[in-house]
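Below: one structure, written as C-alpha cells.
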Amino acid sequence: MNFIEGEILYIDKPLEWTSFNAVKRLRSCIQRRIGVKKLKVGHAGTLDPLATGVMIICTGRATKRIDELQAGVKEYIATIALGATTPSFDLETKIDATYPIDHITRQLVEEVLLKFTGRIEQVPPAFSACKIDGDRAYKLARRGEDVQLKPKILVIDEIELLDFAQESITVRVVCSKGTYIRALARDIGEALNSGGHLTALRRTRVGNVCIGDCLTVDQAVELIEKTDIEMPTDKNITNHEIH
C-alpha cells in the first residue's frame, strides 16, 4: 500500500465516535507506520457521533477524490421514536415535547412515507454543520440562539418501512447527498400529526460501497500495521511533512 500516492479505506464507524475521531486514529497509525510527521487524510461524508456505518477514508493524493466519492447515493437504516421531539431531532438533546400516538397505524405510516419519495424540500437541523454568517449552526443552537436555515432540495429514491410499532418505526432510506435523516425523522413525525426523533442510525451504503465491504477501526489499524508498505523514495519527503 502507498498511503502518500493515495489509498481508500472503507470503515464501519463506531457508535459515539465523531468522523474526525476515526480519521485521526487512522492518520496517526499511518504516520507512525511510514515515518512521516504529517499526512493528508480525509473522509467522504460525515456521520454524526450517534450514527454508525459506512465511512470512506482517503489518504494522500486520493483525498482529491473525496467530492466524487461523497456524491454517491446513500442508504440508511433509521429508527424513529414517535410521540416526542428533541431540539436536535435525535438523542443528543432531551425530549422537549410529547404528542399523542394512539391514532398512528401501519397503514398511516406507509401512506405518509410515500409523500417523502422523489424531490423534496428539507430544512436542515439547527444542530448541524451548516454555516450562518460564517458560524456553524450547531454552535449557535448550543448557545441558545435562534437558528433559521433555508430549505434545500434533495432526492429520496426509496423509503421502506421495516418495522412498525405505535411508539417507534424503523425505515430503510435511499437518498441523495445532503439528506439529514434527523430532519427526515422530524418531518415524518409532523406528517403523522405527532412528533418524531431519531434514536438509531446506521449508514449501510455509500455509492457502491456497502457495509459488508467495511473494516472495523481495529481491523483497519491491523491492516495498516501488517500490510506491505511502499515507502517514499524521495529522501526529502521521508520523515518530513506530506501536504
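Tabulated data for the structure shown
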item	result
Residues of the range 83-105 satisfying the condition of being among the charged types (D, E, K, R) and over 18 Å from F164 (Cα atoms)	D90, E92, K94, D96
So K235, is it at pLDDT 70 or above and in a loop (DSSP other than H, G, I, E, B)	no
Filtered residues of the range 1-59 (kept if charged (D, E, K, R) and within 16 Å of Q219 (Cα to Cα))	E7, D12, K13, K24, R25, R27, R33
Leading residue by the ranking (surrounded by the fewest Cβ atoms within 10 Å (Cβ to Cβ)) among those in the range 45-58 that are touching a Lys or Arg at 6+ places or on another chain (Cβ under 8 Å) and at pLDDT below 95	G45
Long-range neighbours under 9 Å by Cβ, at least six apart or interchain, first residue outside any strand (DSSP E or B) within the range 145-167, second among the aromatic types (F, W, Y) and at pLDDT below 90	V147/F127; V147/Y138
Selection count, the range 146-182, where residues are of a type in the set (G, A, S) and either modelled with pLDDT of 95 or more or not assigned by TED's automatic domain parsing to the domain that holds L108 (or both)	2
Cβ-Cβ under 7 Å pairs, at least 6 apart or on other chains, the range 190-214 side acidic (D, E), far side surrounded by fewer than 20 Cβ atoms within 10 Å (Cβ to Cβ)	D213/Y10
Residues (surrounded by fewer than 18 Cβ atoms within 10 Å (Cβ to Cβ) and at pLDDT below 95) located in the range 1-15	M1, N2, E5, G6
Every residue from the range 84-119 that is surrounded by 12 or more Cβ atoms within 10 Å (Cβ to Cβ), without any contact (Cβ under 8 Å) to a residue 60 or more places away in the chain, closer than 18 Å to R172 by Cα and of a type in the set (D, E, K, R)	R106, E110, E111
Any hit, the range 100-108, residues being modelled with pLDDT of 95 or more and under 20 Å from the mean Cα position of the chain (by Cα)	no
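The values are calculated or read from the model by the stated rules, or taken from the named source; none is laboratory data. All values derive from a computational prediction rather than experimental measurement. Backbone-built Cβ (ideal geometry, glycine too); neighbour counts: all protein chains shown.
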